[in-house]
Amino acid sequence: MNEIDVRRAAPQDVTGPRVYIFDTTLRDGEQSPGATLTAEEKLVVADALVDLGVDIMEAGFPAASPGDFEAVRAIAGRAKGIVVAGLARCNQSDIERAAQAVRGAESPRIHTFIATSDIHLRHKLRMTRSEVLERVEAMVRLAKSFTSDVEFSAEDATRTDWDFLVEVFGRAIAAGATTLNVPDTVGYTTPVEYAALMEHLRANVPGIDQAVISVHCHDDLGMSTANTLAAVKAGARQVEVTVNGIGERAGNTSLEEVVMALATRGDQFGPGETRIRKERLVPTSRLVSMLTGLVVQPNKAIVGDNAFAHEAGIHQDGMLKERTTYEIMNPTDVGWEGTRLVLGKHSGRAGFRNALDEMGIRLADDQLHEAYERFTALADRKKTVTGADLAALVSDQLQSGGEPLQLVRWSASIGSGGAATASVIVNRDGGEVAADGQGNGAVNALLQAIDNAVGIPCDLEEYTVEAVTPGEDAQGQVRLRVRTPDGVFTGHGLATDVVEASARAYLAALSRVVQKQPTPVIAGPVSAVSRWT
Ligand code: KIV
Ligand code: ZN
């Protein structure tokens, strides 16, 4: 059996020591407020996840928007050696949409879900339990008519009556579901309760031994990793996780925490084998953080800046004598070593490509060419170019491809005691518009000038500026979030001057506002979908 066959066959192995990593960074993770990724950014993340070694990638929710549909379709056609899943509510058009989106994948999966708790049935779905049972059976059957690999999720399972849950999963299995997911949608359960639920399901759902039991936890009470691991101990074989734990509200279970807990405490959770390349954990975390704009807290397990930092003298003393006195994992095993990577103006194209490769960033030839040009320009201004500089540079490039609003020129003047003034020229869809602004400081004045030039009403909700690396020649990275009647949009900007970085970030966010208009990219009515397995 070759590598791909092994991976294809793997999700059917329901009793073995393997724990399948189902990554939902691009679906539940991307639902984090303000984390929206561009199409190109999604492809870069998808490539990095393949490199990381996830088994199943949930690429998106195709029915959510034409952009989501296209992203899932593009990822399905590109991500090799893994299962690509598309999410669908339990209704015909969502399932047909998901089927269309994932059909180009080597191993396609349709992941369909419906809420099962009384609270959701009464207030959200306005359906009876028997209507839900019928819907589950019919829609899993429909999904099954497109692909043999069908996952069914009972949304809000942990607040669902256990006997009803048994009935729901029984119907899903009878209709052909191969993976049963038990989501703790609102982060309500506890490790002991969740493990007991796994045991109850395993003992009572007819045919459950033929399916993979999956768990999907949210972190509202800070227990998502503990709950996930308790479920693995109780027999779950698929874990749904995101890089850095990003996701709805308090986030999803963090991929790196589960993988390293399984690797470090196999004695507690059974062998818990995964295919994750652990040395890719830190680079992938950095990439996702950079592209989503969601900063990793310094004390975050495994991937936070302080995860392996030792401050107390007594700890440092112990570390100098023997690393394992205070470290239960080796930082190099999870990829910290690679983050020391340094390039300079004498680094050639091959070294540059290799550095990107090590960071899990795969670019098409034309993108690579542009990134190299940007790198050499930066290396002229900055003595050493680090991994963080490179990630920022690539993320800036991916964001700025084809944006409708581009910064052409700007100036600002400020002195003590008076308001700042600024002028800007913005290219909007090929034509230049100029405007002036006044404000409380150079950044405020320049953003005001941009408002006057483009006339898009919005509120600036969040603004952060940080130096990408230490040192006087550091690049300034600005991330910001604006709210408009159409929703929340984020942008990031990079420049050696923070005023310019601010303008770039603002125009990037406003470009996303402009691009929000739906693009009619889907050919043909959904009823014309053909069965393809
Ligand atoms: O949290 C949840 O219940 C979900 C489902 C769609 C699996 O994300
Ligand atoms: Zn979720």
Can you run phi through the Karplus equation (6.51, -1.76, 1.60; θ = phi - 60°) for the range 59-74 and list ³J(HN,Hα) in whole Hz, with x for Gly and Pro? 7, x, 10, x, 7, 5, 6, x, x, 5, 4, 4, 5, 5, 4, 5
Treat each spin label as a single point 7 Å out from the Cα along the C-beta direction, and report the A377 to N299 distance in nm. 4.1 nm
So what's the range 404-516 giving for Cα Rg divided by 2.2 N^0.38 Å, two decimals? 1.02
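About its Cα centre, how strong a charge dipole does the range 404-516 have in debye, to the nearest 20, once Lys and Arg get +1 and Asp and Glu get -1 at the Cβ?
Values: 8 positive and 13 negative charges, 58 e Å.
My answer is approximately 280 debye.
Past 18 Å, Cα to Cα, is the threshold; run K345/K383; K42/K382; K345/K382; K42/K345 against it and keep the listed order. If you can, show how the numbers build up before the last one.
Numbers: K345/K383 7 Å; K42/K382 29 Å; K345/K382 8 Å; K42/K345 30 Å.
Beyond 18 Å: K42/K382; K42/K345.
Can you pull the Kirkwood radius for the range 419-470, inverse mean 1/r over Cα pairs, to one decimal in Å? Walk me through the numbers on the way to the answer.
Working: mean 1/r = 0.0826 Å⁻¹.
When all Cα pairs of the range 419-470 are included, the Kirkwood radius is 12.1 Å.
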Total charge of the residues flanking G170 in space, meaning their Cβ is under 11 Å from its Cβ, with Lys and Arg +1 and Asp and Glu -1, is -2
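Between S93 and E322, what is the FRET efficiency for a Förster distance of 56 Å, r being their Cβ-Cβ separation, to the nearest 0.05?
Details: r = 61 Å, r/R0 = 1.09.
The pair S93/E322 has a calculated efficiency of 0.40.
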The helix 349-358 Cα axis meets the longest alpha-carbon principal axis of the chain at an angle in degrees, between 0 and 90 and rounded to 10, of 40 degrees
Probe 1.4 Å - accessible area at R275, Å² to nearest ten: 60 Å²
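Could you tally the net charge around A412, taking each other residue with its Cβ under 12 Å from the Cβ of A412, Lys/Arg +1 and Asp/Glu -1?
Values: positive: R409; negative: D436, D497, E500.
Value of the local net charge: -2.
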Helix 92-102 versus the longest principal axis of the chain: what angle, 0 to 90°, nearest 10, using Cα atoms? 60 degrees
Using a Förster distance of 22 angstrom, determine the FRET efficiency expected from the C-beta separation of H123 and R202, and round it to 0.05. 0.15
Accessible area of D28, 1.4 Å probe, to the nearest 10 Å²? 0 Å²
Report, in debye and to the nearest 20, how large the dipole of the chain comes out about its Cα centre when Lys and Arg carry +1 and Asp and Glu carry -1 on their Cβ. 760 debye
Which value at 222 nm does the chain reach when only helices count, each DSSP H run of 4 or more adding -39,500 (n - 2.57), with the total divided by all residues and rounded to the nearest 500 deg cm²/dmol? -11500 deg cm²/dmol
R78/A434 FRET efficiency (R0 51 Å; Cβ-Cβ; nearest 0.05): 0.80
In terms of modelled amide H atoms, which long-range or inter-chain residues lie less than 5 Å from the amide H of N181? F152, S153, A154, S214
In sequence order, calculated HN-Hα J values of the range 387-392 (Karplus, 6.51, -1.76, 1.60; Hz; x Gly/Pro): x, 5, 4, 5, 4, 5
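Which value does Rg/Rh take for the chain over its C-alpha atoms, Rh per Kirkwood? The partial results should precede the final answer.
On the way: Rg = 24.4 Å, Rh = 24.6 Å.
Reported Rg/Rh, Kirkwood definition of Rh: 0.99.
After finding the eigenvalues of the alpha carbon gyration tensor for the range 342-399, what semi-axes result from the square roots of 5 times each, listed largest first in whole Å? Please report the intermediate quantities before stating the final value.
Numbers: eigenvalues 48, 28, 24 Å².
Ellipsoid half-lengths, sorted descending, are 16, 12, 11 Å.
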Could you list the residues of the range 375-405 with an amide nitrogen less than 19 Å from a label point located 7 Å from the Cα of E337 in the Cα-to-C-beta direction? 387-388
Quick numbers on the range 20-292, Rg and Dmax over C-alpha atoms in Å, give 17.1, 49
With the other protein chains left in place, how much accessible area per residue, in square angstrom, belongs to the chain at a 1.4 angstrom probe? 42 Å²
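Please report the carbon-and-sulfur percent of the accessible area for the chain; probe 1.4 Å, protein heavy atoms only, DNA, RNA and ligands left out. Write down the numbers at each step before the final one.
Numbers: 11180 of 22320 Å².
Carbon and sulfur together cover 50 percent of it.
Quick one: ranking H218, H310 by accessible area, 1.4 Å probe, largest first, what do you get? Don't skip to the end; give the middle numbers.
Numbers: H218 10, H310 45 Å².
Listed by decreasing accessible area, they come as H310, H218.
If you average over every viewing direction, what projected area does the convex hull of the Cα atoms of the range 187-316 give, in nm²?
Numbers: hull surface 38.2 nm².
Seen from a random direction, the Cα hull of the range 187-316 projects 9.5 nm² on average.
Full-extension gain between D209 and S65, please, as 0.36 nm times their residue separation minus the C-alpha to C-alpha distance. Walk me through the numbers on the way to the answer.
Details: separation 144, 0.36 × 144 = 51.84 nm, distance 3.61 nm.
Result for the pair: 48.2 nm of gain on full extension.
The values are calculated or read from the model by the stated rules, or taken from the named source; none is laboratory data. Keep in mind that what you see is a predicted model, and the values were worked out from it rather than measured. So basically every Cβ, Gly included, is an ideal-geometry build from the backbone, and we count neighbours across all protein chains shown. Accessible surface areas use protein heavy atoms only, side chains included; no ligands, DNA or RNA. Shrake-Rupley method; radii C 1.70, N 1.55, O 1.52, S 1.80 Å.
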